[in-house]
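These notes concern the structure reproduced below.
The values are calculated or read from the model by the stated rules, or taken from the named source; none is laboratory data. Given the structure is predicted, the values throughout are model-derived calculations rather than measurements. Here the Cβ positions follow ideal geometry from the backbone for every residue, glycine too, while neighbour counts run over all protein chains shown.
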Amino acid sequence: MSETVSRRSLVKRAAVAAAPAFVPNLLAQNKKMTVGFIGTGGRGNYLMDRLYAGSGERITVLGVCDTYAGNLNRAKDKVATVENKSAKTYIDYLQLLADPNIQVVVIATPEHLHHEMTLAALKAGKHVYIEKPLAQTIEKGEELIKAVNTSGKKVQVGTQNRSNSLYIMAKTMVSQGLIGECHYVRAFWYRAALTNGAPAWRYNIPADAAPENTDYGRFLGPAPKTPFNKNRYFQWRLYWDYSGGISTDLLVHQTDISNFVMGKTVPKTCVASGGVYRWTDNDDRDVPDTLSALYEYSDKFHINYSCYFGNDEFGYGEQFCGNEGTLQVLNRQTLLFTPQKFAGKPPAHVAARSEVKLDLRGNDNPAVEAHLRNLLDAIDGKAQLVAPVEVGQMAAISGHMATLAYRNNKMVVWDDKARKYNFV
Ligand SMILES: NC(=O)c1ccc[n+]([C@@H]2O[C@H](COP(=O)([O-])OP(=O)(O)OC[C@H]3O[C@@H](n4cnc5c(N)ncnc54)[C@H](O)[C@@H]3O)[C@@H](O)[C@H]2O)c1
């Protein structure tokens, strides 16, 4: 055998030996999960960032859909920058869903569109990440539970606090008895003017927004018809036609995570009160800027919720008040534990407990990444969903109860057997 031949065969053998190391990589690349985005506004844009940051090697974005051209183009540009390829763009979400190559859709549109879009996505055979609240009414959420359960598809609801390391730690601490008996949670969210001085929730309206680049009819969807109105389109949270206001936007996160930490499900009753007190000047908002809601559970448990948009001194968070200690999770990034003082004479087992302070700046980002990754893992059969549709509906029920109580000025009672609410 000549030296050349022997060298060539050596090279060949080396290549064969190296092959198995490359094959799984190639396969993995071919198996990238294919994603479509419906709604690429504030949240959709952020979710795309988090999906790329936390699962970039596992996914590829094939299509993006939005009814405002500015947000649609921004999403398309992001895919081009990150993946160096062109995503298809859609104004009609049904056309995106008709692409058989898309396996998963992320839906981050206004609340009133969640129900029809999730139903259509399931019908088209997609797995779904649907932002909270699950749906605009309790009844629509119940329909979604049925649809998900007959679809065989994975649906993750965007209550990402359940994937937040601090809340997971808080749950463990509570279950280990650190705070003793707990019958009472105080939850709050305080905000003021936006950083540009605009009234709370009066988010920026793009300068170029016009009927030519903003499909108002598709935005309205099942909502009552109104003429083109930029405030309603870009500040939809402020109007009952598209939103349940504070209750379904902010409160749902907080009752949801209180339930998670404390091992609860749904409240039995809710009363709520408040009003539009702070932002009244030339402001046609429907939803209150001031809201308090009180929840009673069937097992001696109470949530005291308050939200005000005129003072942001206290930020937001939940305080789990046990007879032996207090656990607080603040702004999704700080966990505090303080043992009860018992007027200076604590029992020895409580005196032995030290204070805890943990600060994890920006801890919502890894939480959202983990929440998205959990959906991919569930689709791959490697994990259970952290916030499946039933859990998302539990969160939404608390929110809807507060809106119903506020708008009707009545106590709302949840009948968990009948899966219906009543007024008393
Ligand atoms: N989990 C969280 O912490 C969190 C935070 C913020 C928002 N959200 C949720 O995300 C959702 C979106 O909120 P946002 O703040 O991004 O609102 P947004 O107004 O910034 O974005 C909504 C986007 O949907 C688009 N859109 C409207 N109608 C559409 C249609 N028919 N088809 C396709 N696109 C359409 C709009 O053009 C806009 O780009 C809401 O459900 C909200 O509650 C969740």
When ILE257 is evaluated against the numbered criteria (1) surrounded by fewer than 19 Cβ atoms within 10 Å (Cβ to Cβ); (2) out of contact with any Leu (no Cβ under 9 Å at 6 or more places or on another chain), which criterion, by number, is the only one it fails?
(1)
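Per-residue answers, yes or no, for (1) in contact with a strand residue (DSSP E or B) (Cβ under 6 Å, 6 or more places away or on another chain); (2) hydroxyl-bearing (Ser, Thr, Tyr); (3) more than 16 Å from LEU251 (Cα to Cα):
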| residue | (1), (2), (3) |
| --- | --- |
| VAL276 | no, no, yes |
| ASN282 | no, no, yes |
| ASP289 | no, no, no |
| ALA293 | yes, no, no |
| GLU296 | yes, no, no |
| HIS302 | yes, no, no |
| TYR308 | yes, yes, no |
Which of the residues that make up segment 33-53 are surrounded by fewer than 20 Cβ atoms within 10 Å (Cβ to Cβ), among the small types (Gly, Ala, Ser) and within 15 Å of the ligand (Cβ to nearest atom)?
GLY42
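Hand me the list of helices (runs of 4 or more DSSP H) wholly inside segment 190-271 holding 2 or more residues that are modelled with pLDDT of 95 or more and closer than 30 Å to GLU390 by Cβ.
Working: elements: 216-220, 230-234, 252-262.
Where helices (runs of 4 or more DSSP H) fall fully within segment 190-271 and carry at least 2 residues being modelled with pLDDT of 95 or more and closer than 30 Å to GLU390 by Cβ, they are 216-220, 252-262.
How about segment 266-281: which of its residues are of a type in the set (S, T, N, Q) and surrounded by 16 or more Cβ atoms within 10 Å (Cβ to Cβ)? Give the derivation first.
Of segment 266-281, the ones of a type in the set (S, T, N, Q) are 269, 273, 280.
Scanning segment 266-281 gives a single hit, THR269.
Can you name the residue in segment 158-209 that is at positive phi and in contact with a helix residue (DSSP H, G or I) (Cβ under 9 Å, 6 or more places away or on another chain) and, of all such residues, is farthest from the ligand (Cβ to nearest atom)? Steps first, please.
Pass one, segment 158-209, residues at positive phi: 177, 180, 197, 201.
From the residues that got through so far, the ones that are in contact with a helix residue (DSSP H, G or I) (Cβ under 9 Å, 6 or more places away or on another chain) too are 180, 201.
On the way: GLY180: 31, TRP201: 10 Å.
Only one residue tops the list, namely GLY180.
Being touching a residue at least 40 places away in the same chain (Cβ under 8 Å), surrounded by fewer than 17 Cβ atoms within 10 Å (Cβ to Cβ) and more than 21 Å from LEU51 (Cβ to Cβ) is the requirement here; does ASN304 meet it? Please lay out each step first, then the result.
Details: touching a residue at least 40 places away in the same chain (Cβ under 8 Å): yes; surrounded by fewer than 17 Cβ atoms within 10 Å (Cβ to Cβ): yes; more than 21 Å from LEU51 (Cβ to Cβ): yes.
The answer is yes for ASN304.
Check segment 131-140 and report whether any residue there is outside the structural domain of ALA405 (by TED's automatic domain parsing), more than 15 Å from the chain's Cα centre (by Cα) and within 15 Å of the ligand (Cβ to nearest atom).
Keep residues of segment 131-140 that are outside the structural domain of ALA405 (by TED's automatic domain parsing), which gives 131-140.
Keeping just the survivors that are more than 15 Å from the chain's Cα centre (by Cα) gives 137-140.
In the following step, the residues that additionally are within 15 Å of the ligand (Cβ to nearest atom) were identified as 137, 140.
Yes, segment 131-140 contains at least one residue that is outside the structural domain of ALA405 (by TED's automatic domain parsing), more than 15 Å from the chain's Cα centre (by Cα) and within 15 Å of the ligand (Cβ to nearest atom).
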Only residues that are under 22 Å from the mean Cα position of the chain (by Cα) and more than 29 Å from ARG237 (Cβ to Cβ): list them for segment 69-112, please.
GLN103
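Which residues, taken from segment 254-285, are among the acidic types (Asp, Glu) and closer than 24 Å to TRP414 by Cβ?
ASP256
Could you please find all residues in segment 148-169 being over 19 Å from the mean Cα position of the chain (by Cα) and among the hydrophobic types (A, V, I, L, M, F, W, C)? Give the steps one after another, and end with the answer.
First, pick out the residues of segment 148-169 that are over 19 Å from the mean Cα position of the chain (by Cα): 149-152, 169.
Scanning segment 148-169 gives a single hit, MET169.
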Subset of segment 101-154 [more than 24 Å from GLY63 (Cα to Cα) and among the hydroxyl-bearing types (Ser, Thr, Tyr)]
THR137, THR150
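From LYS132, LYS78, grab the single residue that is basic (Lys, Arg) and not in a helix (DSSP H, G or I). Step through it out loud before you land on a result.
Working: LYS78 fails: not in a helix (DSSP H, G or I).
Residue meeting the stated conditions: LYS132.
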Can you pull out every residue in segment 233-282 that is away from the ligand (no atom under 16 Å from the Cβ) and among the aliphatic types (A, V, I, L, M)?
VAL261, MET262, VAL266, VAL271, ALA272, VAL276
Please determine, by comparing only the residues of segment 95-105 that are more than 10 Å from the ligand (Cβ to nearest atom) and outside any loop (DSSP other than H, G, I, E, B), which one is surrounded by the most Cβ atoms within 10 Å (Cβ to Cβ).
VAL105
Based on what the data block shows, is THR118 within 16 Å of the ligand (Cβ to nearest atom) and either modelled with pLDDT of 95 or more or crowded, with 18+ Cβ neighbours inside 10 Å (or both)?
yes
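Condition first: among the charged types (D, E, K, R) and farther than 15 Å from VAL287 by Cβ. Now tell me which residues in segment 379-408 satisfy that. Before the answer, list the steps.
Initially, segment 379-408 is screened for residues among the charged types (D, E, K, R), giving 380, 382, 390, 407.
Within segment 379-408, ASP380, LYS382, GLU390 qualify.
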ARG13: modelled with pLDDT of 95 or more and part of a helix (DSSP H, G or I), yes or no?
no
Quick one: PRO227 ticks every box in (1) more than 14 Å from the ligand (Cβ to nearest atom); (2) touching a residue at least 12 places away in the same chain (Cβ under 8 Å) except a single one, so which number is it?
(2)
